[in-house]
Amino acid sequence: MISEHEIQSRILVAVSQHRCTIFRSNVGKVKTDDGRWFDTGLPKGHPDLYGFKWSNGKVFYLEIKNAKGKPRQDQIRFHHMLTSHNIIHGIARSVDDALKIVDEELVGYGFKDYGGELE
């Protein structure tokens, strides 16, 4: 099975060549030399990739999962927030999924089976 990291790498290349600007969300915590924790600051559940379409400036978010991956509860909560604002987003398990979400401007693609609204 292909890893989420490899899927993400392929999506980054394909979407960036598709008249879009796309970024990877770097998240995590590290302990500083003086023992304090530093958090990157993105909200819990923030999708792996985000960007905008050159054609109309619309923002999109992509949560990357492999064939068996399931969204966490914090990711489902973030999905609900994005849905409430009609923001383009979804779960991408392949380059084809990512391009479909972006091109068709889908809201909540792939979340249906995890407590999300209808696709």
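The values are calculated or read from the model by the stated rules, or taken from the named source; none is laboratory data. Small disclaimer: the values here were computed from a predicted structure and weren't measured. FYI the Cβ positions are ideal-geometry reconstructions off the backbone, even for glycines, and counts take in every protein chain you see.
The number of residues in region 64-93 that are among the hydroxyl-bearing types (S, T, Y) and under 15 Å from P47 (Cα atoms) comes to 1.
Residues in region 34-48 that are at pLDDT below 85 and not hydrophobic (A, V, I, L, M, F, W, C) were compared, and the one that is farthest from L99 (Cα to Cα) is D39. When L99 is tested against (1) over 26 Å from Q17 (Cα atoms); (2) part of a helix (DSSP H, G or I); (3) more than 11 Å from the chain's Cα centre (by Cα), just one condition goes unmet, and that condition is (1). Take the conditions (1) in contact with a Ser or Thr (Cβ under 7 Å, 6 or more places away or on another chain); (2) among the small types (G, A, S); (3) modelled with pLDDT under 95; G51 misses just one of them, which is (3). Within region 11-36, residues that are more than 18 Å from S94 (Cα to Cα) sit with their Cβ atoms under 7 Å from residues that are β-branched (V, I, T) and surrounded by fewer than 12 Cβ atoms within 10 Å (Cβ to Cβ), at 6+ positions apart or across chains, in these pairs: N26/T40; V27/T40; G28/T40.
Mind checking which residues of region 62-112 are basic (K, R) and closer than 19 Å to V15 by Cβ? If you could, list the steps in order and put the result at the bottom.
Here is the first cut: in region 62-112, the ones basic (K, R) are 65, 68, 70, 72, 77, 93, 100, 112.
Residues satisfying the conditions are K65, R93, K100.
Is there a residue in region 29-36 that is under 14 Å from G108 (Cα atoms) and either of a type in the set (D, E, K, R) or surrounded by 10 or more Cβ atoms within 10 Å (Cβ to Cβ) (or both)? Among the residues of region 29-36, not one is under 14 Å from G108 (Cα atoms) and either of a type in the set (D, E, K, R) or surrounded by 10 or more Cβ atoms within 10 Å (Cβ to Cβ) (or both), which makes the answer no. Selection of first residues in region 70-84 that are over 8 Å from F111 (Cβ atoms) and of second residues that are hydroxyl-bearing (S, T, Y) and in a helix (DSSP H, G or I), restricted to Cβ pairs under 7 Å at least 6 apart or on distinct chains, gives the following pairs, ordered by first then second residue: K70/Y114. Among the residues making up region 7-60, those that are of a type in the set (G, A, S) and over 12 Å from the mean Cα position of the chain (by Cα) are S9, A14, S16, G28, G35, G41, S55, G57.
Between K65, K70, the distinction of being under 26 Å from Y114 (Cα atoms), among the basic types (K, R) and under 11 Å from the mean Cα position of the chain (by Cα) belongs to K65 only.
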